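The values are calculated or read from the model by the stated rules, or taken from the named source; none is laboratory data. Quick caveat, the model's predicted, so the values are computed rather than measured. Every residue, glycine as well, gets a Cβ built from its backbone with ideal geometry; the counts of neighbours run over all protein chains shown.
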Amino acid sequence: MGRPAAGCQRPAVKCQWANVVGGVARSLLPAPRSISFSLLPKPQTQMSERVHLWAAAGRLAENRTPAALATVARQRGSLPMASDAKMLVTKDGDRWGTVGGGCVEADIIEQALTTIETGLPTFVHHTLNADLAGDLGLSCGGTVELFLEPVTASSEMAHLCHAVSTGIQSRTPVTVLTKLDWSDGPAKAAMVGAEIVSVGRGVEMSSGEVADYPRTGGATLVDEARAMFIERFQRLPRVIIFGAGHVGVAIAKVAASAGFYVVVSDDREDFANEDNVPDAHEILVGDFNAVIDRLAIDEDDYILATTRGHSYDASIVERTAASRARYVGMLGSRRKKEIIWKALREAGVPSEHLERVRTPIGLDIGADTPGEIAVSVVAELIRRWRLPESAEQSTE
């Protein structure tokens, strides 16, 4: 099913805001259609890098291909790598993920190959001082400690890696514990939701124990007392895009590439389909109000109203402004905001609820095309996700 003609996007109803009584133009909206929820298969383009990496580790363990994982454990200073950077390396030099690139990554690859040979986990330290950074043309410096571990060739290891990959992709909280001492053999366990998957012996896990681990300080933790390396994968942030027009589709593509779990909803099957929105993890077809009724919206959600008509956007804002969502935004101009906010206030929506709704959405970079708008919007979502304390929403 290809992309429908642009003319199909025009709403079949007129927005007569003077008729708003006791709600936002309920009578002006089309009759609700039956709603169908489809959880799409996850093609490679829809997987995050981390999901890819764990899935690849599972395949390597199944195929008995020698490999090792390198994960950032601790770091100080300004370094060219994410705080939870991870890389998978095979004996033949194939790689998934990155720990920053350049000479540091080259050294870590060599050390990972040594880990494959020894079959034992270890920590390695790297320092990027001012002199070395300057020689490399970098404006950063600091120290990093990485945890290296073999990917053992066993069905247990394959099962654990695939379980972690599936858990991350399905937005299920995952905690992985790896024993630092493998003198008695590999010892690793993962809690994926309520399920515990183990490799070898020596790692005991319980939901209470996992809940006791500190939630601050990054995604990895070295537990010196228990001699464990701990990795925590919280649920992927979810972007819920109402409206599968040009801008909604562009936002879905950029958001998926940035690591968000993307849900797209539209009441038109000609738009809400995998051919039109290939980057969405889920596509929900049906009346927008019915979709909202079925969604369990929480603080990991980012809601965007990007539909084809004022009445649809107004209804979505009315239903979600007071929700637990971390971000609620509406595509449109300041003039559109004035019209809709006036109607919503007349319909009884409290001003304090509307104050948290962002519109226009996106960082001000002069965006004009759907692709540019998508970049500006997703950049704002990333700031809200990564720097919540410095990204308070504004309706200005």
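Select from region 78-106 the residues that are part of a loop (DSSP other than H, G, I, E, B), over 18 Å from Gly259 (Cα atoms) and either of a type outside the set (A, V, I, L, M) or touching a Lys or Arg at 6+ places or on another chain (Cβ under 9 Å) (or both) and list them in ascending order.
Pro80, Lys91, Asp92, Gly93, Asp94, Gly101
Of all residues in region 208-229, those satisfying the criterion of being within 16 Å of Met191 (Cβ to Cβ), surrounded by 12 or more Cβ atoms within 10 Å (Cβ to Cβ) and at pLDDT below 75 are Glu209, Val210, Tyr213. Screening region 109-131 for residues that are at pLDDT below 95 and buried (at least 17 other Cβ atoms within 10 Å of the Cβ) and picking the one that is nearest to Ile230 (Cα to Cα) gives His126. On inspection, Glu318 passes the criterion of being among the acidic types (Asp, Glu) and either in a loop (DSSP other than H, G, I, E, B) or closer than 23 Å to Ala272 by Cβ (or both).
For the criterion of being at pLDDT below 95 and buried (at least 20 other Cβ atoms within 10 Å of the Cβ), Leu236 passes. Considering (1) part of a loop (DSSP other than H, G, I, E, B); (2) over 17 Å from Val357 (Cα atoms), the lone condition that Val247 does not fulfil carries the number (1).
Of all the numbered requirements in (1) within 25 Å of Ala258 (Cα to Cα); (2) buried (at least 18 other Cβ atoms within 10 Å of the Cβ), Gly371 misses one, and that requirement is (2). For region 321-361, which residues satisfy the criterion of being among the small types (Gly, Ala, Ser), under 18 Å from Arg383 (Cα atoms) and not in a loop (DSSP other than H, G, I, E, B)? Residue satisfying the conditions is Gly329 alone.
Just the residues that are more than 16 Å from Val174 (Cβ to Cβ) and modelled with pLDDT of 95 or more, please, taken from region 27-71. Matches in region 27-71: Ala56, Arg59, Leu60, Ala61, Glu62, Asn63, Arg64, Thr65, Pro66, Ala67, Ala68, Ala70.
So, in region 260-302, how many residues would count as being touching a Gly at 6+ places or on another chain (Cβ under 7 Å) and closer than 22 Å to Ala321 by Cβ? Qualifying residue count for the region: 3.
Every condition in (1) closer than 17 Å to Gly248 by Cβ; (2) touching a residue at least 40 places away in the same chain (Cβ under 8 Å) holds for Val357 except the one numbered (1).
If the condition is being closer than 20 Å to Glu372 by Cβ and among the hydroxyl-bearing types (Ser, Thr, Tyr), then region 247-300 contributes only Ser257.
Scanning region 319-343 for residues that are in contact with a Lys or Arg (Cβ under 9 Å, 6 or more places away or on another chain) and basic (Lys, Arg) returns a single hit, Arg326. Scanning region 245-278 for residues that are hydrophobic (A, V, I, L, M, F, W, C) and closer than 22 Å to Phe233 by Cα yields a count of 7. Determine whether region 171-180 contains at least one residue that is surrounded by 18 or more Cβ atoms within 10 Å (Cβ to Cβ), under 26 Å from the mean Cα position of the chain (by Cα), modelled with pLDDT under 95 and in a helix (DSSP H, G or I). No: region 171-180 contains no residue that is surrounded by 18 or more Cβ atoms within 10 Å (Cβ to Cβ), under 26 Å from the mean Cα position of the chain (by Cα), modelled with pLDDT under 95 and in a helix (DSSP H, G or I). Considering each residue of region 367-389 in turn, none proves to be touching a strand residue (DSSP E or B) at 6+ places or on another chain (Cβ under 6 Å) and of a type in the set (Ser, Thr, Tyr). The residue pairs whose first member lies in region 326-354 and is over 16 Å from Ala305 (Cα atoms), whose second member is charged (D, E, K, R), and whose beta carbons are closer than 8 Å, counting only pairs six or more residues apart or on different chains, are Ala347/Glu318; Val349/Glu318; Ser351/Arg345. Considering each residue of region 369-378 in turn, none proves to be modelled with pLDDT under 95, over 20 Å from the mean Cα position of the chain (by Cα) and part of a helix (DSSP H, G or I). Go through region 260-294 and give me each residue that's in a loop (DSSP other than H, G, I, E, B), surrounded by fewer than 19 Cβ atoms within 10 Å (Cβ to Cβ) and within 20 Å of the chain's Cα centre (by Cα). Within region 260-294, Glu274, Pro278 meet the criteria.
Within region 87-121, can you find the residues that are in contact with a helix residue (DSSP H, G or I) (Cβ under 6 Å, 6 or more places away or on another chain) and free of Cβ contacts under 8 Å to residues at least 40 places away in the same chain? Result: Val89, Lys91. In summary, Ala305 fulfils each of the numbered conditions (1) under 14 Å from Val377 (Cβ atoms); (2) surrounded by fewer than 23 Cβ atoms within 10 Å (Cβ to Cβ); (3) modelled with pLDDT of 95 or more with the single exception of condition (2). Among the residues examined, Ala258 qualifies as under 25 Å from Arg386 (Cα atoms) and modelled with pLDDT under 95.
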